[in-house]
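Here the structure comes first, spelled out in structure tokens, and everything after it is commentary.
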Amino acid sequence: MERPVLIYPVANSQKLQRELRWPVLATLTAPLALGCFAVYLYRLSASVTAVALSLSFLVIGLLACTALLFLHPREEVSLAASAAALVLSVALLVILLPGIGTVYADAALLVAVAGGTVAVYLGKVEMPDLGRPVLRGSSLAGVFLLPMGLALGEALFLGLRFWESYHISPSTIFLVPMLAAWGFVEEALFRGVLLRSSVPLLGRRGALVLSSFLYASFMLLWGSLPFALFSFLLGLLMGFLYLGSRSLMYVGTIHALTDTWMVIAFIVLGMGAI
């Protein structure tokens with residue numbers, strides 16, 4: 001017997017009073033954005049204070065979202081709060097997960113733990129129905145063509161400084177499977193959980209902007225502001241495709257192939273600059 005799917009009415013400004021909407025939005029967005037920005041400052045300055053601020057913001061946000069989850073009477077607020085709490089938990093995981101050796105082992109551990117956490121959430125929480133898909137089989141061409149364009153655009157947008165700061169080399173090709181898997185995890189977390197859970201509260205446009213903003217904030221954990229800006233645009237595109245296709249497999253495949261082609265593009269750019 002299949003698990004039931006919750007069907008929520010789409011929120012509008014008449015259902016949620018303004019004096020309630022903005023405090024809820026601040027609770028969902030501010031802790032993650034401030035916490036990830038503090039990590040970005042740490043990568044720039046190596047300040048221990050920045051790390052302490054980051055952990056404080058993320059923990060406070062996690063506690064606040066947990067309180068909304070259990071105490072708020074509106075179901076759409078509780079659902080969005082649970083999704084934001086999951087994102088905050090994964091951010092804390094990225095910061096605190098200890099290294100176990102090589103970068104490949106660390107990447108595999110992060111993908112396994114974060115991916116398992118998201119999978120458990122999706123398996124236990126009843127998600128709102130987004131309706132029938134708009135994008136059909138003809139859109140499958142995007143799976144092959146769109147990632148190449150996105151990867152090239154990302155490589156040109158970030159430039160060789162990004163390549164140099166992350167020491168990408170031909171041996172980085174061995175990280176491609178982990179990057180592809182991480183792309184699926186990101187899509188499941190930010191589109192499959194956060195965007196979908198926020199639609200009953202904010203509507204599709206509001207949920208799209210919220211999930212893209214938090215996705216860009218999350219990308220600050222990797223210490224690059226241009227990467228975060230590009231991720232916001234990527235989040236808008238992936239969110240639009242997800243709302244149209246209703247398929248995590250679709251957007252996850254596009255994201256995974258984009259990351260794969262991005263690594264290849266950086267390797268080519270880097271080797272050409274030597």
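Odds and ends about this structure:
- Neighbours by Cβ (under 8 Å, 6+ apart or cross-chain): first from segment 239-259, more than 21 Å from Met178 (Cβ to Cβ); second in a helix (DSSP H, G or I) and among the acidic types (Asp, Glu): Tyr242/Glu187
- Pick from segment 31-75, criterion in a helix (DSSP H, G or I) and among the charged types (D, E, K, R), ranking: surrounded by the fewest Cβ atoms within 10 Å (Cβ to Cβ): Glu75
- All positions within segment 205-230 that are closer than 17 Å to Val39 by Cα and hydroxyl-bearing (Ser, Thr, Tyr): Tyr215, Ser217, Ser224
- Residue in segment 76-128 that is nearest to Ser56 (Cα to Cα), counting only those that are in contact (Cβ under 8 Å) with a residue 40 or more places away in the chain and outside any helix (DSSP H, G or I): Val125
- Qualifying residue in segment 253-266 (condition: over 12 Å from Ala151 (Cα atoms), at pLDDT 85 or above and not basic (Lys, Arg)): yes
- Those helices (runs of 4 or more DSSP H) of segment 175-274 in which 3 or more residues are of a type in the set (Ser, Thr, Tyr) occupy 196-219, 225-245, 248-273.
- Of all residues in segment 246-266, those that are within 20 Å of Leu195 (Cα to Cα) and either among the small types (Gly, Ala, Ser) or buried (at least 20 other Cβ atoms within 10 Å of the Cβ) (or both) total 8.
- Test: residue in segment 196-216 that is surrounded by 22 or more Cβ atoms within 10 Å (Cβ to Cβ) and more than 18 Å from Ala81 (Cα to Cα): yes
- Restricting segment 114-131 to residues that are among the aliphatic types (A, V, I, L, M) and exposed (fewer than 15 other Cβ atoms within 10 Å of the Cβ), the residue that is farthest from the chain's Cα centre (by Cα): Val120
- Between Val24, Val48, Val90, the distinction of being at pLDDT below 90 and under 25 Å from Glu186 (Cα atoms) belongs to Val24 only.
The values are calculated or read from the model by the stated rules, or taken from the named source; none is laboratory data. Remember, predicted model here, so these are calculated numbers, not experimental data. We place every Cβ from the backbone using ideal geometry, glycine too, and count neighbours over all the protein chains shown.
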